[in-house]
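J.: I have a structure I would like to understand better, so I am pasting it below and will then ask my questions one at a time.
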Amino acid sequence: MIGVFDSGIGGLTVLQWIRQRLPQADLLYLADQAFAPYGAKSTELLQQRCDRIADWLIAQGCTVLVVACNTATAHCVDALRQRLPFDIIGVEPGIKPAALGTRSGAIGILATENTLASSRYQQLASRFNPNTCVVNQPCPGLADAIELGPDTEQIDAILTRCTAVMTDAGVDRVVLGCTHYPLVKDRLQRLLGTQVQLIDTGEAIAGEVARRAGSAEWGQGSTRLLTTGSLPRLQQLIGAYPVLSSHFQANQCEPAPDLMDLAQTTGSSSA
Ligand code: DGL
């Protein structure tokens, strides 16, 4: 079984590619909505949380783990890999394809504050300087707003502010450096214009998962979507975003009672 997790519905944008790529695999997804957003939590809290979730996924029988969250990957994937004898695949902003493809010489990165501030991300970005101008744009509140549902003024306001910086800098590639952001891809494209190419690494991650899946590739093709938050809200969100409703259904959703205790003790703290 392949275990996949994120702070909420963002990682489902990766899961849908994994499902397409590995139709027989049993997939167990954990949306840690009671502890979201990850983008502003301290590294210590994130590590505690990722450790707990990874251990839980393994206890459920997962033999491959996918950290379908740029923020959690940036702060926790190295420690998870050191501690656990399993294949652990993370996600990172697609700076490389953006830098290789740019013609204007300027690329934009949209991500959480925590991802952009991490040393892992800064090392990655430094490989492309000084040849490429990398415009880092944190989007505070965007993942949270996406979790409240599509088509809100709040999403529009954040996207308008973040894309103005990109347009001023003359970028022609914009990296979706948070797995929630593909859910607002169409709006971003409208704001940035068709000359700007959006880079989403979800499909490439699924390719990597397929390469490393081994026997986890062969199961019954089951999909379970668990949340530490409100079950009706997860079901509602899956119905509300077309990219999710075309791949997932409300009857695949369940609560994750085993993981709710830590959400209650530490979920309200943020850095
Ligand atoms: N989807 C996540 C990411 O890729 C985290 C968003 C959040 O919880 O702040 O970074």
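The values are calculated or read from the model by the stated rules, or taken from the named source; none is laboratory data. What you are looking at is a predicted structure, and each value in this text was computed from that prediction instead of being measured. Quick reminder, even Gly has a Cβ in these numbers, built from the backbone with ideal geometry, and neighbours come from all protein chains shown.
J.: Quick check on segment 185-199: of everything there that is within 21 Å of Gln20 (Cβ to Cβ) and surrounded by 19 or more Cβ atoms within 10 Å (Cβ to Cβ), which residue is nearest to the chain's Cα centre (by Cα)?
T.: The qualifying residue nearest to the chain's Cα centre (by Cα) is Ile199.
J.: Does segment 1-25 hold any residues that are assigned to a loop (DSSP other than H, G, I, E, B) and in contact with a strand residue (DSSP E or B) (Cβ under 9 Å, 6 or more places away or on another chain), and which are they?
T.: Answer for segment 1-25, where residues must be assigned to a loop (DSSP other than H, G, I, E, B) and in contact with a strand residue (DSSP E or B) (Cβ under 9 Å, 6 or more places away or on another chain): Met1, Ser7, Gly8, Ile9, Gly10, Gly11, Leu22, Ala25.
J.: Check Ala117, Ala99 and return the single one that is more than 20 Å from Gln195 (Cα to Cα) and either at pLDDT 95 or above or among the small types (Gly, Ala, Ser) (or both).
T.: Ala117
J.: Considering only segment 245-255, I want to know if a residue exists there that is over 17 Å from Gln24 (Cβ atoms) and within 16 Å of the chain's Cα centre (by Cα).
T.: no
J.: Check Ala143, Ala169 and return the single one that is in contact (Cβ under 8 Å) with a residue 60 or more places away in the chain and crowded, with 18+ Cβ neighbours inside 10 Å.
T.: Ala143
J.: Here's a follow-up. Please pick out the residue among Pro23, Pro37 that is out of contact with any Pro (no Cβ under 8 Å at 6 or more places or on another chain) and away from the ligand (no atom under 11 Å from the Cβ).
T.: Pro23
J.: May I pose another question? Quick test of your reading of the structure: Leu28 fulfils all but one of (1) part of a strand (DSSP E or B); (2) within 16 Å of the ligand (Cβ to nearest atom); (3) farther than 27 Å from Asp186 by Cβ. Name the failing condition by number.
T.: (2)
J.: Would you mind listing the strands (runs of 3 or more DSSP E) fully within segment 90-182 where at least 2 residues are within 12 Å of the ligand (Cβ to nearest atom) and not hydrophobic (A, V, I, L, M, F, W, C)?
T.: none
J.: Further question: Between residues in segment 73-93 that are β-branched (Val, Ile, Thr) and residues that are crowded, with 19+ Cβ neighbours inside 10 Å and part of a helix (DSSP H, G or I), which pairs lie under 6 Å by C-beta distance while being six or more apart or on different chains?
T.: Partner pairs satisfying both residue conditions: Ile88/Leu80; Ile89/Val209; Val91/Asn70; Val91/Thr73; Val91/Ile205.
J.: Regarding segment 199-219, can at least one residue be identified that is assigned to a helix (DSSP H, G or I), without any contact (Cβ under 8 Å) to a residue 12 or more places away in the chain and among the aliphatic types (A, V, I, L, M)?
T.: No; the residues of segment 199-219 include none that is assigned to a helix (DSSP H, G or I), without any contact (Cβ under 8 Å) to a residue 12 or more places away in the chain and among the aliphatic types (A, V, I, L, M).
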